[in-house]
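The values are calculated or read from the model by the stated rules, or taken from the named source; none is laboratory data. On a predicted model such as this, the values are computed, not experimentally measured, just so you know. Cβ atoms come from the backbone with ideal geometry, glycine included; neighbour counts cover every protein chain shown.
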């Protein structure tokens, strides 16, 4: 099982640092951590699981290794084939209008996708719609005001998304992959929690900083502070 202390956090940070030189190892480590976290809230054995926005299928592969019948949906066929992979059980589909029947999956998850969606609440509503009563929805999101909120343009996003993107292009000679206002959008911890608390179809079971030790959990209860300090919000929802 995934640890809860500083060692796990350091291991995840090291995985992030190796992303450019060894993406397979990085994404496999993150996927394993995601599945280990998820398994604390629900059994995965023989469950139908869908990873939305999962790209080349690392999370779905880890879910299958845990005994689930797992599939991936991503809006981009190119993303599904990243790193030379041909993910099993993958299909192209828009997360805001998933090509999946209502109440047809036991577990629906989405990791670090929400900040890339122009209509985040429609996206979250879809995750809830396709999950059966008694199922679990697990979402992780990099909030805009966190140190990594601007992704590769960080920390200059604190001066504005457009300014950060322009600076990145001048410095590297290339536009950022995560383009502010096109494929990267502002989203906050407080508004995501508010959506979860108000949605009639789910009950908020847990919310915590994804990459931090367990003793950092109180951060998500501190308005203002949580927007900068959380870094990545993990949200666990029980489907009514």
Study note, to complete from the structure: Filtering strands (runs of 3 or more DSSP E) wholly in the range 1-116 for at least 2 residues that are without any contact (Cβ under 8 Å) to a residue 40 or more places away in the chain and in contact with a strand residue (DSSP E or B) (Cβ under 8 Å, 6 or more places away or on another chain) gives 69-74, 90-92
Check your understanding: Among the residues of the range 194-203, is any surrounded by 14 or more Cβ atoms within 10 Å (Cβ to Cβ) and assigned to a strand (DSSP E or B)?
Key -> yes
Review point. Looking at the range 126-160, which of the residues that are free of Cβ contacts under 8 Å to residues at least 40 places away in the same chain and under 23 Å from residue 220 (Cα atoms) is surrounded by the fewest Cβ atoms within 10 Å (Cβ to Cβ)?
Key: 155
Exercise for review: Return a yes/no flag: does the range 230-237 have any residue that is part of a helix (DSSP H, G or I) and at pLDDT 95 or above.
Suggested key: no
**Study point:** Any hit, the range 175-185, residues being part of a helix (DSSP H, G or I) and surrounded by 15 or more Cβ atoms within 10 Å (Cβ to Cβ)
**Key:** no
